[in-house]
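The values are calculated or read from the model by the stated rules, or taken from the named source; none is laboratory data. Everything numeric in this text was worked out from a predicted model, so none of it was measured. Virtual Cβ from ideal backbone geometry, glycine too; neighbours counted across all protein chains shown. All accessible areas refer to the heavy atoms of the entire protein, side chains included, with ligands and DNA or RNA removed. Shrake-Rupley method; radii C 1.70, N 1.55, O 1.52, S 1.80 Å.
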Amino acid sequence: MPMRQSQAGQDPNRAAQARHDLRNPIGEIIGFAEILEEEAADPGHAGYRRTFTAIRSAARELLARLESPLSDRQEREDPRAVAALRDQFLERA
């Protein structure tokens, strides 16, 4: 059964597990974007390269947020606020 976003805010262990489960795929996205950036280094592919760079940058930012000790502390102090922020982020994506 998939975990709903509101469930993650109710159980800090579930939220920590969700962050853990996201790290590997995000790392794979970063690695794949780097490979695509290198492939797009040829002249005439600047538009693609910018797109792949943006993907890599966004994935690195998301990974940094997941690994932030601040997010763990915030989760313990106010899990509902963190869940609300997570919901807002997912709505924008």
**Message:** Being open to solvent by 90 Å² or more (accessible area, probe 1.4 Å) and either of a type in the set (Lys, Arg) or modelled with pLDDT of 90 or more (or both) is the filter here; which residues of region 10-34 pass it?
**Reply:** 14, 28, 32
**Complete:** Per the list (1) surrounded by 13 or more Cβ atoms within 10 Å (Cβ to Cβ); (2) at pLDDT below 85, residue check on residue 59 breaks on (2)
**Item:** Subset tally (residues that are touching a helix residue (DSSP H, G or I) at 6+ places or on another chain (Cβ under 8 Å) and in a helix (DSSP H, G or I)) for region 24-43
**Value:** 8
